[in-house]
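Here the structure comes first, spelled out in structure tokens, and everything after it is commentary.
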Amino acid sequence: MANKPLVSIVMGSDSDLDIMNEAAKSLAEFGIPYEIDISSAHRSPARTSEYSRGLKARGVQVVIAGAGGAAHLAGVIAAETTLPVIAVPIPSTPLLGLDSLLAMVQMPAGIPVATVAIGKPGATNAGILAAQMIGLHNAEVAKKLVAHKENLAKGVEAKSKKLKESHSHEHDIGTDFFSGPADSK
């Protein structure tokens, strides 16, 4: 993106890109410029330290870090910066991301890392959470977040209506959660 990045997306391996692209899609939806890179807490610790220490100078406000296995990337970054760090557990081992999730949520007191769900849903939510953080001080992003929530609600209403229409001929007596039994008068 052409603007100075407000969010930095980083992952431990290029094999994580398919999942971490979901965070990028969320940020793009809110018009938030981001950068995306690879660094490993274990295979390139000096690079990760340099990356972490340079975040503020680049104007970054939030970090989204995805990693699998031992998943120390987000914690190492959080130890090196005061910026908020959001961790995305990557399901890259036979444990399907549970190992990553546990590594990310069990940070020692004083080094917080916000951790989202495993895989693509987590990466999507990481992007939205980063937008919510930025939206605290950016009215344009805040407005887009309100529209996003309204669209979610409209989607649920549309699905509810479709479900009711598809089942209206199958059941003479049913219960509508919001209005009570269908046959009550």
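Each reported figure results from applying straightforward, stated rules to the coordinates on display, with no laboratory input. Predicted model only: the values in this text are computed from it and were never measured. No Cβ is skipped: glycine too gets one built from the backbone with ideal geometry, and neighbour counts run over all protein chains shown.
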In straight Cα distance, which lysines are under 27 Å from residue 25, not counting same-chain residues fewer than 8 positions off?
-> 4, 56, 120, 143, 144, 149, 154, 159
Dipole of the stretch 7-137, positive direction: furthest Cα of 64, 82, 94, with charges on the beta-carbon | 82
Cβ charges +1 (Lys, Arg) and -1 (Asp, Glu), total dipole of the stretch 1-99, debye | 360 debye
Relative to the first principal axis of the alpha-carbon coordinates of the chain, what is the inclination of helix 120-135, with its axis defined by its Cα atoms, in degrees from 0 to 90 and to the nearest 10?
-> 80 degrees
The chain: angle of helix 17-29 to the longest principal axis, Cα-based, in degrees nearest 10 | 70 degrees
Helix-derived mean residue ellipticity, 222 nm - over the chain, DSSP H n ≥ 4, -39500 (n - 2.57), to 500 = -14500 deg cm²/dmol
Pairing the Cα long axis of helix 139-167 with the longest principal axis of the chain, what angle in degrees results, from 0 to 90 and rounded to the nearest 10?
-> 40 degrees
Whether the stretch 7-137 is rounded, prolate or oblate, judged on the alpha carbon gyration tensor where a/c under 1.5 counts as rounded | rounded
Charge dipole (debye, nearest 20) of the chain; +1 at Cβ of Lys and Arg, -1 at Cβ of Asp and Glu | 480 debye
Separation between Cα centres of the stretch 8-69 and the stretch 100-137, rounded to whole Å = 12 Å
